[in-house]
1. What ranking do 1-12, 28-39 get when scored by the average of other Cβ atoms within 10 Å per residue, highest first?
2. Using only the Cα atoms, what convex hull volume per residue in Å³ does region 8-64 have?
3. List the trypsin sites (Lys or Arg not before Pro) within region 34-79 that DSSP assigns to loop and that have no more than 14 neighbouring Cβ atoms inside 10 Å.
4. Along Cα→Cβ, 7 Å out, is where each label goes; now give me the distance between the ones at ILE68 and MET1 in nm to one decimal.
5. For the residue pair PHE76 and ILE56, what label-to-label distance in nm results when each label sits 7 Å from Cα along the Cα-to-beta-carbon direction?
Amino acid sequence: MELEKLHSIIDHGENIHTEFKRCGNGIEKDVYETVCAFANRFGGDILCGVLDSGEIRGLPKKAVPSLIKNMVQSLFLCD
């Protein structure tokens, strides 16, 4: 996603198609709930590292690979 589009989404705030998630120390339960809600509707954008106010906090760079791995394993892999 282009940086300009990302900032535009954040500027418009949360709505039926956009959710901001802090994800400070990892993916929290409400992220999975939002994924399920979006999957059962029309989709949308979930921006991790953004507070509800629209403030960009970011994610710890070292944590990103494990966040992605955990998300994929939780949502798509079955034992």
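Just so you know, all these numbers are worked out from the coordinates, no wet-lab data involved. Since the model is a prediction, treat every value here as computed from it, not as a measurement. As a convention, Cβ positions derive from the backbone with ideal geometry for all residues, glycine included, and neighbour counts pool all protein chains shown.
1. With the highest mean Cβ count within 10 Å placed first, the list reads 28-39, 1-12.
2. In region 8-64, the Cα hull volume divided by residue count equals 77 Å³.
3. ARG41, ARG57
4. Label at ILE68, label at MET1, 1.5 nm between them.
5. 2.6
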